[in-house]
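Here the structure is laid out as structure tokens; the discussion comes afterwards.
The values are calculated or read from the model by the stated rules, or taken from the named source; none is laboratory data. These figures come from a predicted structure and were not determined experimentally. Reconstructed Cβ throughout: ideal geometry from the backbone, glycine too, with neighbour counts over all protein chains shown. Just the protein is used for accessible areas: all its heavy atoms, side chains included, with ligands, DNA and RNA removed. Shrake-Rupley method; radii C 1.70, N 1.55, O 1.52, S 1.80 Å.
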Amino acid sequence: MRYKDPDWCEKMRIRFDYNNMMSDMIGKQGISKREIEDIEPRAEKAVLGMAEKRHSMKWRELPYINESVIGDILETSDEIRSRFENFVILGIGGSALGPVAAQQALNHQRYNELNNAARKGPRLYIEDNIDPERMNSLLDIIDVKKSMFNCITKSGGTSETMAQLMIVTGILKQRLNGSFGSNIIATTDANRGSLIKIARDYKLRTFYIPEGVGGRFSELSPVGLLPAAVCGIDIKELLAGAAYMDRLCGESDFRKNPAYMMSVMQLIAMEKGCNISVFMPYSDALKYMSDWYAQLWAESLGKKFDRSGKIVNTGQTPVKALGVTDQHSQIQLYTEGPYDKVVTFLKTDKFRTVVEIPREFEDMKDVSFLGGHTLNELLSAEQAATEYALSKSGHMNNKITLPEVNAFTIGQLIFMLEMATAFAGELLNINAFDQPGVEEGKNAAFALLGRPGYEGKKAELGFAPKKLPDYVI
Ligand code: PA5
């Protein structure tokens with residue numbers, strides 16, 4: 001257990017570098033020291049807010065999740081590994097994006113294609129959409145009898161997830177002579193929603209999402225831990241990384257606190273007109289951390305009202321990009337376009353593998369210079385070059401560096417971004433933990449599909465302006 005060694009932990013500490021946010025580094029479009037001094041009273045109030053609300057922000061206790069829950073997850077995952085070929089997650093939003101990000105970061109990039117001996121567990125499919133073609137394509141390739149389905153929903157009633165569960169239940173019943181319970185695990189709230197009732201009625205194995213932990217803050221709960229453990233990820237190390245970051249985030253001087261300082265920089269930039277936050281990993285392993293972060297930042301901070309009920313329509317729009325792929329599609333805009341973005345690079349010092357570029361085509365100088373280098377060096381040089389180009393043109397950018405991608409550093413990263421988001425909520429004086437805009441859409445969908453109790457909403461939808469043919473061509 002390397003995470004018990006303080007020297008190793010220190011070596012694995014992730015770093016936040018905001019040099020290129022500052023005007024003394026990139027010129028007048030950057031942030032001045034004066035602007036940081038100006039935000040100090042607000043930041044100090046936010047630090048106090050985070051300390052006072054620690055116990056109501058239940059997700060902050062997840063790194064210290066009960067040993068018996070961990071034991072149950074590990075036991076269940078061992079059993080799944082020995083009995084099933086496929087592990088299928090039915091869930092959406094916060095119930096899917098964390099598992100996707102962790103799997104991509106911590107397992108083989110072609111995990112599902114590995115042969116059974118090389119794979120650490122069953123194939124993993126994360127079904128976070130209800131596209132009928134996608135659903136049928138999955139059913140075409142898996143044997144449902146040899147598949148464990150993990151239905152994950154905090155509210156216990158999200159239409160998309162419940163529809164998937166109904167489809168899978170129907171098929172399992174056909175194939176297993178009416179029984180289905182041994183192929184479904186429920187992960188949900190202990191007291192609310194339909195899934196917990198179904199789980200109790202049909203005696204499904206159940207994991208609980210702790211009270212007060214919302215979907216997008218639930219990756220370190222059984223939502224993320226069970227799929228990770230099933231696929232052989234060291235969940236104790238993941239939690240140890242999160243706990244380590246929790247300690248770093250205990251620093252009350254916001255200038256020394258990586259999560260708080262990241263948040264302060266984004267907020268100053270946002271209030272200067274940088275309403276777009278581009279998250280750009282330079283590592284395929286970290287690619288889906290962008291999707292997870294995009295939900296966290298957007299859904300938490302995109303709010304109409306502040307806590308006093310004043311209309312603020314606040315939020316910063318997250319954009320996902322991947323280095324180097326998107327250097328060839330988006331970087332032109334980031335480098336020469338409007339000063340309305342902050343680019344956050346996410347990189348690792350060390351990849352888990354090295355690929356050498358052989359000395360081929362030696363008579364062609366424009367190509368042969370690559371020979372003798374590695375893909376690792378090329379990727380790293382391209383990140384440094386993009387950072388340089390952005391900074392030279394005065395576009396704000398910052399960087400999060402992981403010494404390497406492992407369960408400990410990913411635990412740190414998840415917790416740091418969660419803390420940064422919650423702190424931004426404090427700075428903006430908004431509730432970062434609700435999602436009334438999402439609920440509005442969910443309720444409208446219930447009404448359109450005739451769910452009892454939503455007749456009023458259906459009537460309201462009837463009053464929406466009718467589309468005019470003049471505007472359709
Ligand atoms: O963060 C959130 O709360 C949402 O994005 C939810 O995760 C998403 O809407 C799915 O909800 P549920 O987990 O209740 O099915």
Here the qualifying pairs (Cβ atoms under 7 Å; residues six or more apart or on different chains; first in the range 428-443 and in contact (Cβ under 8 Å) with a residue 12 or more places away in the chain; second of a type outside the set (Ser, Thr, Tyr) and open to solvent by 60 Å² or more (accessible area, probe 1.4 Å)) come out as 429/307; 430/307; 431/307
Report yes if some residue within the range 350-365 is closer than 13 Å to residue 283 by Cβ, touching a Pro at 6+ places or on another chain (Cβ under 9 Å) and open to solvent by 40 Å² or more (accessible area, probe 1.4 Å); otherwise report no.
yes
Looking across the range 84-99 at residues that are within 16 Å of the ligand (Cβ to nearest atom) and part of a loop (DSSP other than H, G, I, E, B), the single one that is surrounded by the fewest Cβ atoms within 10 Å (Cβ to Cβ) is 92
Going through the range 5-15 in order, the residues found to be in contact (Cβ under 8 Å) with a residue 24 or more places away in the chain and open to solvent by 30 Å² or more (accessible area, probe 1.4 Å) are 11, 13, 15
Of the residues in the range 166-186, those that are of a type outside the set (Val, Ile, Thr), under 22 Å from residue 140 (Cβ atoms), outside any loop (DSSP other than H, G, I, E, B) and open to solvent by 10 Å² or more (accessible area, probe 1.4 Å) come to 166, 170, 173, 174, 175
When the range 16-34 is checked residue by residue, the ones that are closer than 19 Å to residue 390 by Cβ and open to solvent by 70 Å² or more (accessible area, probe 1.4 Å) are 19, 24, 25, 28
Filter the range 143-152 for residues that are surrounded by 12 or more Cβ atoms within 10 Å (Cβ to Cβ) and more than 22 Å from the chain's Cα centre (by Cα); the one that is nearest to residue 195 (Cα to Cα) is 148
Note on residue 372: of the conditions (1) out of contact with any Ser or Thr (no Cβ under 8 Å at 6 or more places or on another chain); (2) on the phi > 0 side of the Ramachandran plot; (3) touching a residue at least 40 places away in the same chain (Cβ under 8 Å), unmet is (3)
Residue 205 passes all but one of the listed conditions (1) closer than 17 Å to residue 418 by Cα; (2) touching a helix residue (DSSP H, G or I) at 6+ places or on another chain (Cβ under 8 Å); (3) open to solvent by 30 Å² or more (accessible area, probe 1.4 Å); the exception is number (1)
Matching residues in the range 187-219 (within 14 Å of the ligand (Cβ to nearest atom), in a loop (DSSP other than H, G, I, E, B) and hydrophobic (A, V, I, L, M, F, W, C)) number 3
Reported set for the range 152-186 where residues are charged (D, E, K, R) and away from the ligand (no atom under 15 Å from the Cβ) is 173, 175
Q) Can you find a residue in the range 35-51 that is more than 30 Å from residue 340 (Cα to Cα) and either in contact with an Asp or Glu (Cβ under 8 Å, 6 or more places away or on another chain) or open to solvent by less than 90 Å² (accessible area, probe 1.4 Å) (or both)? A) yes
Point to revise | Residue within the range 426-436 that is open to solvent by 10 Å² or more (accessible area, probe 1.4 Å), modelled with pLDDT under 95 and in a helix (DSSP H, G or I) present | key: yes
Q.
Yes or no: the range 127-142 includes at least one residue that is open to solvent by less than 80 Å² (accessible area, probe 1.4 Å), away from the ligand (no atom under 16 Å from the Cβ) and touching a helix residue (DSSP H, G or I) at 6+ places or on another chain (Cβ under 8 Å).
A. yes
Counting only strands (runs of 3 or more DSSP E) wholly inside the range 232-333, the ones holding at least 3 residues that are modelled with pLDDT of 95 or more and open to solvent by less than 10 Å² (accessible area, probe 1.4 Å) are 276-281
When residue 298 is run through (1) in contact (Cβ under 8 Å) with a residue 24 or more places away in the chain; (2) within 16 Å of the ligand (Cβ to nearest atom), the failure sits at (1)
Picked from the range 100-123 (must be more than 16 Å from the ligand (Cβ to nearest atom) and small (Gly, Ala, Ser)), the residue most open to solvent (accessible area, probe 1.4 Å) is 117
